[in-house]
Each structure stands twice: as C-alpha cells, then as structure tokens.
1. Could you work out the Kirkwood radius for the chain, taking every pair of different alpha carbons, averaging 1/r and inverting it, reported in Å?
2. Given points 7 Å out from each Cα along the Cα-Cβ axis, report the ALA60 to ARG74 separation in nanometres with one decimal.
3. For the Cα atoms of the chain, what angle does the longest principal axis make with the long axis of helix 52-61, in degrees from 0 to 90, nearest 10?
4. Give the long-range amide H neighbours of PHE10: residues separated by 5 or more places, or on another chain, with amide H under 5 Å away, using H modelled in the peptide plane at 1.01 Å from N.
5. What is the percent carbon and sulfur in the accessible area of segment 10-70, measuring with a 1.4 Å probe over the protein chains and ignoring ligands?
6. From the helices alone, meaning DSSP H stretches of at least four residues, give me the mean residue ellipticity at 222 nm for the chain, per-run term -39500 (n - 2.57), in deg cm²/dmol to the nearest 500.
7. Under a point-charge model restricted to the Cβ atoms of Lys and Arg (+1) and Asp and Glu (-1), what is the dipole moment magnitude of the chain relative to its Cα centre, in debye to the nearest 20?
8. Calculate one ³J(HN,Hα) per residue across segment 22-30 by plugging θ = phi - 60° into the Karplus curve 6.51 cos²θ - 1.76 cosθ + 1.60, and present them in order as whole Hz with x for glycine and proline.
Amino acid sequence: MSVKYRGITFPGYNRPIASNREGKKKMVLAKKGDKVKLIHFGAKGYGHNYSAAARKSFRARHRCDTAKDKFTARYWSCKAW
C-alpha cells in the first residue's frame, strides 16, 4: 500500500525512505492515530562506523531507551540503529 503525501510516494506509513532534503539521510511519513507528520532524520556526510561500540555510544548519547514518540527524529534515528 503506497501513500502519496505532498507529491512524494511513500511505501506506507512509518516506513523510512531516502530523504529529499539537503543534509538529511532519511525521511518517514509517521502516523499516530489519525495524525500524520513528515519527519527527516539522520545527518549526511558522516562516515559509517556501525561497530557494536559505536552503536552502544549512539544509543546512550541519544537516550534511545526513552524515545517513544513516533513524531520525533530521535525516535526514528534510534529505531534505524
């Protein structure tokens, strides 16, 4: 089920895709109840260090265990890691 929002086709709600905003990696059309919001997240231009230590540091630095709101970039960044 694809969803069209502001001229952009998404594969569905709460499914991240590549961002069209300069400097951002991903975007997601988040849906919570009957509310919808477009969220861009992730910084482009950084190297790729996906080691266990890097993931652990990222999750601690961004307090990922408390990221519960789907309408925040922090939630989606944490979920992507």
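The values are calculated or read from the model by the stated rules, or taken from the named source; none is laboratory data. Worth saying up front: this structure is predicted, and the values here are computed from it rather than measured. Ideal geometry is used to build each Cβ from the backbone, glycine not excepted, and the neighbour counts take in all protein chains shown. Note: accessible area is taken over every heavy atom of the protein model, side chains too, but ligands, DNA and RNA are not part of it. Shrake-Rupley method; radii C 1.70, N 1.55, O 1.52, S 1.80 Å.
1. On the way: mean 1/r = 0.0738 Å⁻¹.
Value: 13.6 Å, from the Cα pair sum.
2. That separation, rounded to one decimal, is 1.8 nm.
3. Computed tilt is about 70 degrees.
4. It is VAL3, LYS4, TYR5, by chain and number.
5. Ligands and nucleic acids excluded, carbon and sulfur reach 50 percent.
6. Mean residue ellipticity at 222 nm (helix-derived): -6500 deg cm²/dmol.
7. Taking the Cα centre of the chain as origin, the dipole is about 100 debye.
8. Those phi angles translate into 4, x, 10, 8, 10, 9, 9, 9, 7 Hz.
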